[in-house]
Every structure is written in C-alpha cells, then in structure tokens.
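Input: a single structure, listed below in structure tokens.
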C-alpha cells in the first residue's frame with residue numbers, strides 16, 4: 001500500500017523567513033510520481049510540481065524549490081522569503097496507476113502554513 | 001481551457017433529498033475522478049472513470065452513485081445521505097501520467113455539501 005507522511009501539521013513563520021515542508025513516502029512501485037499541491041481557503045487544489053521517480057534532479061521555480069531524495073524516500077518543499085500569500089494547506093501526494101486506467105493520488109495529511117507579518 | 005468546472009459550489013440537502021453534483025472538463029482528459037475531503041483532512045479518492053467506464057470504486061456507500069455520460073462530464077448522484085457525508089467534494093481529471101511528463105491531476109474548486 002502507498003503512504004505519504006507529512007509530519008508537520010502546522011507551521012507558523014514570519015514573512016521573509018524560509019520554510020521547509022517535509023514529505024516522506026512509501027511505495028512498492030519502481031515507477032511512481034510525486035506531487036505538491038497548495039490548497040488556499042477557497043478550497044481549490046493548486047498544482048505546484050510533479051516529480052518522476054526516475055528523475056532525481058532538484059528543481060527551483062522562483063521562491064519555490066524541491067529536494068527529491070530517493071534514498072530516503074523524501075520529497076521536501078522549501079519556500080524562500082515567505083509571503084503572507086503563501087499561507088495555505090500544502091499537500092504532498094503520490095501517484096498510483098489504477099488497474100484499468102486512471103491515476104490514483106494518495107495524499108499526505110497536509111501542512112498548514114501560516115505566514116504572518 | 002485548463003479548467004475543471006464543478007456545480008453547484010454549495011449545496012444544502014436533507015437526508016431524504018436527491019441531488020446531483022456536476023463536473024465538466026474540455027481538456028480531452030480520459031480519466032475523471034471524485035474525491036471527498038472532510039474538514040482539515042486530505043482528499044480521499046471515491047471513484048475513478050477511465051474512458052467513461054468505472055475503473056475503481058473505493059468501497060463507497062451506494063447512496064453515492066457516479067455517472068459518466070460522456071468523456072467531458074462526470075456526475076455524482078446523491079440520495080439518502082447522512083450528516084457525516086457533509087464534506088467538500090472535488091472532481092479531477094487527467095491524462096495518463098505515464099504518457100507525458102506534464103500530465104497531472106487538474107482539480108475543480110469543489111462542491112461544499114452540507115447534509116442536515
């Protein structure tokens with residue numbers, strides 16, 4: 001069975017601080033896909049990044065960066081110079097191929113990030 | 001058009017009512033999904049449709065009945081719900097993640113359902 005663990009339930013930082021959200025996953029599949037989604041209070045899940053199991057290259061997109069470590073089954077997300085608009089719940093998710101088609105996403109429990117002035 | 005549109009945004013219903021949630025996408029995705037999200041919890045998969053056929057039902061009670069009339073539409077029919085079914089219902093669509101590196105799940109903004 002697949003499992004995603006986000007041990008940090010809630011993180012509070014002051015604006016401009018850097019913050020790292022942790023994600024640890026478990027899977028028996030050799031090919032899998034990892035995602036981060038942001039969920040603001042409005043409820044919509046906003047896609048941030050996808051990472052393939054066979055590509056361990058880290059990625060930076062503006063203030064966001066991701067560190068994928070296959071050896072430790074971790075896919076951590078760092079926000080540099082956080083802003084109030086970054087306040088949201090962040091979900092890490094793992095993809096499973098459903099027999100018969102489709103891709104099931106297994107979500108972690110989420111990390112509530114609060115950025116204060 | 002890279003949107004998944006869900007209607008209604010809010011729904012209040014009694015336990016004896018019958019209602020339907022609707023979801024639409026025009027991205028040509030052949031897989032569509034229903035997720036249920038309780039407050040302060042992660043989304044949990046309910047159903048997957050692939051090429052308009054139900055490919056998985058995550059042991060969802062029969063008071064939830066999904067329907068995929070065509071490749072762009074997904075419905076969730078609700079009947080005799082319980083108060084504990086109150087939640088945010090999210091629809092999603094995707095192409096197969098294996099086929100292209102940019103493929104991923106696109107989510108609608110959800111229907112906030114309250115069962116009285």
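Okay, here's what the table says:
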{"item": "Selection from the range B:28-51 of residues that are over 30 Å from residue A:9 (Cα atoms) and either exposed (fewer than 14 other Cβ atoms within 10 Å of the Cβ) or away from chain A (no Cβ under 13 Å) (or both)", "result": "B:28, B:51"}
{"item": "Residue, nearest to residue A:32 (Cα to Cα), within the range B:80-97, restricted to residues that are part of a loop (DSSP other than H, G, I, E, B) and facing chain A (nearest Cβ under 7 Å)", "result": "B:97"}
{"item": "The range A:98-117, residues that are more than 7 Å from chain B (Cβ to nearest Cβ) and outside any loop (DSSP other than H, G, I, E, B)", "result": "A:106, A:111, A:112, A:113, A:114, A:115, A:116"}
{"item": "Among residues of the range A:24-57, those that are away from chain B (no Cβ under 12 Å), crowded, with 17+ Cβ neighbours inside 10 Å and assigned to a loop (DSSP other than H, G, I, E, B), counted", "result": "1"}
{"item": "Residues of the range A:7-23 classified as closer than 24 Å to residue A:104 by Cα and surrounded by fewer than 19 Cβ atoms within 10 Å (Cβ to Cβ), total", "result": "4"}
{"item": "Enumeration of residues in the range B:102-111 that are more than 7 Å from chain A (Cβ to nearest Cβ) and either surrounded by fewer than 18 Cβ atoms within 10 Å (Cβ to Cβ) or modelled with pLDDT under 90 (or both)", "result": "B:102, B:103"}
{"item": "Options A:95, A:65; residue that is closer than 21 Å to residue B:56 by Cα and part of a strand (DSSP E or B)", "result": "A:95"}
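The values are calculated or read from the model by the stated rules, or taken from the named source; none is laboratory data. Remember, it's a predicted structure, so these values are computed and weren't measured experimentally. For neighbour counting, all protein chains shown are included, and Cβ atoms are generated from backbone atoms with ideal geometry for every residue, glycine included.
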